[in-house]
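Participant: This is the structure I have questions about; it appears just below.
The values are calculated or read from the model by the stated rules, or taken from the named source; none is laboratory data. What you see is a predicted model; the values in this text were computed from it and never measured. Note that each Cβ is placed from the backbone with ideal geometry, even for glycine, and that neighbours are counted across all protein chains shown. Only protein heavy atoms, including side chains, enter the accessible area calculation; ligands, DNA and RNA are left aside. Shrake-Rupley method; radii C 1.70, N 1.55, O 1.52, S 1.80 Å.
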Amino acid sequence: MKNLPVEILKANITRNRRLTTKKQYVVTSEVHVKKGIRLVIDDGVVILIQNGKKERLKLRRAALIFDQGSTLRAQKFQIKACDQNYKPIKYADNGGLWFLGNYRTAKKDTIKVKANQ
C-alpha cells in the first residue's frame, strides 16, 4: 500500500460522506453508517478493519455496519484485515462488514444472506 495519511474510523457515521483514495481508512471500533446516511466509496479505496477483541463493543470486534435505511454507493473497493499498527495482514479476526436490513433473506450479486430464526 502507498504511504497515505491514515484516518481512523471509530465513531458512527452520522452525515453523508465520501471515502477517497487520498487516505487510508482504518476501522478500529464498531462503526455504524446510520439510517438515512449515504457513504460513497471511490474506486480503489482500501478500508482496513483492525483485528483483535474489543471488550466494550457489542460484537467484541471492530466492524463496519450499514444500519437499515443507510446507503452505500461504490463499485470497486477492498476491505482488508490489519494489525494494531494498521499493517494489512492475511488472517481476519475482526467483525467485518455488515448490512442490516428488514428482510429475512436476501440475494444480490451471488451473495446470499439468511437470518437465523
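Participant: Please work out the Cα convex hull volume for region 34-89 and give it in Å³ per residue.
Facilitator: 89 Å³
Participant: Could you tell me which GluC sites (Glu not before Pro) in region 1-103 are loop residues by DSSP with no more than 16 other beta carbons within 10 angstrom of their beta carbon?
Facilitator: When the GluC sites (Glu not before Pro) of region 1-103 are filtered for loop state and at most 16 Cβ neighbours within 10 Å, Glu55 remain.
Participant: Which Cα, out of Val6, Tyr25, Val40, lies furthest along the positive dipole direction of region 1-45 (beta carbon charges, K/R +1, D/E -1)?
Facilitator: With unit charges placed on the Cβ atoms, the residue in question is Val40.
Participant: Does region 1-82 come out rounded, prolate or oblate by the C-alpha gyration tensor, with a ≥ b ≥ c the root eigenvalues, rounded set by a/c under 1.5 and, if not, prolate when a/b is larger than b/c and oblate if not?
Facilitator: Cα axes put region 1-82 in the oblate bin.
Participant: Another question about this same structure. Mind listing the long-range amide H neighbours of Ala92? Cut-off is under 5 Å, sequence gap 5 or more, other chains count too, H placed in the peptide plane at 1.01 Å from N.
Facilitator: none
Participant: Further, regarding this structure: On the full set of protein chains, 1.4 Å probe, figure out the accessible area of Asp42 and give it in Å² to the nearest 10.
Facilitator: 40 Å²
Participant: Here is a follow-up. Carbon and sulfur: what percent of region 1-42's accessible surface (1.4 Å probe)?
Facilitator: 46 percent
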